[in-house]
Amino acid sequence: MVSYENYRFSTYPYIVFYFKYFSKTFKTIICLGFTISVWSQNITISGTIIDGNSKTPIHGANIYLEETGIGTTSKVDGSFELNNFPNKKTSITISMIGFKETKKVIPLNEDRYDIGIVEILKAPIKIKEVLVDAHYKLKPEEFSSNIYISGSKLQENLKSTLAMTLEQETGVSVQTMGQAVAKPVLRGYTGDRFLLTENGITTGDLSNTAIDHAISFDMASFNNVRIIRGPETLLYGCNTIGGVIDVSRQSNLDMRFKKVSLLSLIGVKSSNKGAFGNFTIYLPISDKHQLKFSLLRRSADNQTTPLGVLDNTGLSNNELSASYSLFGKSHRTIISYERLRMGYGLPGSPEGHIKGVNLKMDKSSQKLNHHKDISFFGFETFDLDQRFISYNHSEFVVGSNSDDASVSMGQNLFSLQGKLTGEQLTLGSLVQYRDFRAGGFYWTPDTEEIRYSIFGLFQKKINEITFQLSSRIEHLSIDPETSFLFTSNLDESDIRKRNFTILTGSIGLLKSWNNMDFSLATMIAGRAPDLDELYSDGPHLGTYSYEIGQPNLNLERTFGIEGSVDYSMPSGEIKLTGYHNYSPNYHISTALGNTYEPGADWIEWGSGSSGWLYKYQMKGLKAQVYGFESEIIFPMNKTINLIGSASVVRGKNLSQKRNLEYMPPDKIQILTEFDFKPFDINLTIKKVLSQDKLGEFETRTEGFFLFDFNGSYTIHSSKASHKLIFQLDNIFDEVYYNHLSRIKSIMPEEGRCLSIQYRLIF
């Protein structure tokens, strides 16, 4: 029998080792911190960053000392402060998305140097992204509802999964099925209704096809996350009505290192005896050649809750990556290889497999990225991205007498994308080939897919109004293998080759007036049905259901509109966003029949107490999703900021005149930031209202209050940067249930949990 415990490589000894090692390490860190603070130069640089046009403070501007690698961000009132670095002349760089980069040379001939008020000007088209090299990153002007997370903000909220890391962001909810499976929900959209990309290209796993499939990366490997909305989203794909989440392993691909540099991140977590370590080393061979190696290891026992332990929810993750970078005067080329092996468990259910299901994932990626500055018919940059991804996924029933996987699936994905970018126009094309294979009791047929895409974005400023127009044309061919079909609920003649042509478009308007930024966008998005929606006919172990596709599904189109206003003033900032999306053919899984008769509505399967699985089949119906988001930033003084946010989402099944299922409940959040350098302390109070607007299959979920705390202590020296991060989640050990959890009937969410992380840059 293949068990999850075997796949975890005897995790418990590793955990013991981690705790013993890390306990010693943290003692050393504390001692080292005091030593460094004694011997470091007590030099301080301060100043205030404001908008050169509106004269209002800028919150979140990046301030970076090129010679030392030390950086920070400006507070709500625009002020910043940098401490403890060498007493020598340095160059300071100030950057912000949407603004021109500004540099200042500071002699540092005194213990404290105030650069005063620094005005930075907006640059709606041409933005040189953070910092180091000469290659331009031309980006469209950002919509007010976009979210950019990096640096200290990302570090202090870092969790193992993307969804948990983003949970505090406005408009983001979390869909869970144990601690390993936590996925973001954007404005009520899950799965394939928003895009998850890495540096602009799909991640190449199967996380968007089912709730039980985890996202195939660990957030400890990344340091940059963007949530993108508006016309820019169509540069990434067609199915972007919920937006795009784009992650990156480094903020700036053009960053070079003059000497060997090490970045290490280690951490422990109390609730699951979890521990992880991530080590990255940069090896500059010369000015033109650079190597990078990264290794990550994470291990955790079962998830604990205030009511007990949730069995079979442990996890193990191993990641390895290596890359080579070649830099030229006007070009950059990066070749990389990445490997991931992940194992995790899903808890048992009385409706399916009593002891649960274990899953294993194996993913390898080869990537090539080439960037060149050009001058060609108004275009200024050319980017070529090639990727080959091999992904395999296996599921094992706990307690089975067989060592073979009950379900297996995998895919090979090849993509090639080219993109030309100029001051007003971006044009690109994508070719993607996918080879999908399945085995065991997963009876979706083997399938080949070919995708061709042409996309573009035009931007022009007329009378102080920025106009954006984007479009994407995509052709998708889905060709299932029909030689070996196992179907009992589908007509085999319907399992045939399908071709879909998807035409999408978006128009956006952006206007700055006095202290206010306005944005408005309309969009026609579209998505083709995936393989499971078309051709499934079999049990899905992870979700305890028998899934039946609909081979005759047509395109799912969505017509959306979004408007935002962002008002900045010396006393704070207010941001309001509203959106409405209508889909005339919304693909949804519904119960097959309503009589609950054996054979017709459910099938005998599995090892549960009843030995049955309900049948669900895909259908297309009319639906709408709409909502409202708000954020208020209020600086109480130079060291304390209040940030309040609220989000409301509503989903309606118009065909059946009821609510859409699995819509996130209303959420209100208050974040208090305390900036006492070198300490940063944050207290978050979150109120989630009860969810009684229920769709099919759903039960009511009570509301709850959560109190979370995180803090950091940072020390900089001439040779290294140290950061110690503390996170205390669910301070009062609240018993609460996530409405979007697929296992809320089994156990509540995680209880009180202390996490400690140490970050070293050397």
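Each reported figure results from applying straightforward, stated rules to the coordinates on display, with no laboratory input. As the structure is a prediction and not an experimental result, all values here were calculated from the model. As a convention, Cβ positions derive from the backbone with ideal geometry for all residues, glycine included, and neighbour counts pool all protein chains shown.
If the cut-off is a Cα-Cα distance under 16 Å, which aspartates and glutamates reach residue 269, setting aside same-chain residues fewer than 8 apart in sequence? Residue 269 reaches 156, 218, 301, 708, 729, 733, 749, 750. Pairs over the 25 Å Cα-Cα cut-off, from the set 288/372; 103/292; 75/460; 153/258; 461/667; 686/744: 103/292; 75/460; 153/258; 461/667.
For the peptides 652-661, 193-202, the ranking by packing is 193-202, 652-661, with the highest mean count of neighbouring Cβ atoms within 10 Å listed first. Across the range 260-272, coupling constants 3J(HN,Hα) worked out from phi with the 6.51/-1.76/1.60 Karplus curve, θ = phi - 60°, read 4, 10, 10, 10, 10, 9, 10, x, 9, 9, 6, 5, 10 Hz, and Gly and Pro carry x. Residue-wise HN-Hα couplings along the range 520-532, as the Karplus relation 6.51 cos²θ - 1.76 cosθ + 1.60 with θ = phi - 60° gives them from phi, are 9, 9, 10, 8, 10, 9, x, 8, 7, x, 7, 4, 5 Hz; Gly and Pro carry x.
Subtracting the Cα-Cα distance of residue 354 and residue 497 from their residue separation scaled by 0.36 nm leaves 47.7 nm.
Remark: 183, 259, 461 ranked as 259, 461, 183, counting other beta-carbon atoms within 10 Å and listing the fewest first. Label sites at residue 481 and residue 431, each approximated as a point 7 angstrom past Cα along Cα to Cβ, lie 2.4 nm apart.
The aspartates and glutamates within cross-link reach of residue 104, meaning a Cα-to-Cα straight distance under 19 Å and a gap of 8 or more places when in the same chain, are 51, 66, 67, 81, 114, 119, 129, 133.
If you model the range 431-504 as an ellipsoid using its alpha carbon gyration tensor, with each semi-axis the square root of five times an eigenvalue, the axes come out at 41, 12, 10 Å, biggest first. A protection proxy built from the mean count of other Cβ atoms within 10 Å ranks the segments 328-334, 317-323, most packed first, as 317-323, 328-334.
Here the label points at residue 414 and residue 100, each 7 Å from Cα along the C-beta direction, are separated by 4.6 nm in the simple model.
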